[in-house]
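The values are calculated or read from the model by the stated rules, or taken from the named source; none is laboratory data. This structure is a prediction, so every number in the text was calculated from the model and none was measured. Ligands, DNA and RNA are stripped out before the accessible areas are found, and what is left, the full protein with its side chains, is counted by its heavy atoms. Shrake-Rupley method; radii C 1.70, N 1.55, O 1.52, S 1.80 Å.
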Amino acid sequence: MFTTGQWTFAAFFFVAFIIATYFAYGKDKALHQKVYKGSYKILLAFLLFIALLFVIKVMMKH
């Protein structure tokens, strides 16, 4: 389905993207810790909400 060249390009692109993301985040790490303090609570609430919806779906099925 894919040629060897396409797989090679995808692998290099993936590695380059991860490296670029790491360096971009590393520069802004201090700023992110100050500006987005407590954002994990919002993520946790969102995940709990999704889990609640799943539980309701399973209970309504029976």
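Can you list the lysines whose alpha carbon is less than 24 Å from that of LYS37, not counting same-chain residues fewer than 8 positions off?
LYS27, LYS29
Which angle between 0 and 90 degrees, to the nearest 10, do you get for helix 4-27 versus the longest principal axis of the chain when only C-alpha atoms count?
Rounded to the nearest ten degrees, it is 70.
If you fit an axis through the alpha-carbon atoms of helix 39-61 and take the longest principal axis of the Cα set of the chain, what angle between them do you get, 0 to 90°, nearest 10?
60
Rounded if a/c is under 1.5, else prolate if a/b is larger than b/c, else oblate: which is segment 9-62, with a ≥ b ≥ c the root eigenvalues of its Cα gyration tensor?
oblate
Just the accessible area per residue of the chain, please: how many Å² with a 1.4 Å probe?
Using a 1.4 Å probe on heavy atoms only, each residue of the chain averages 103 Å².
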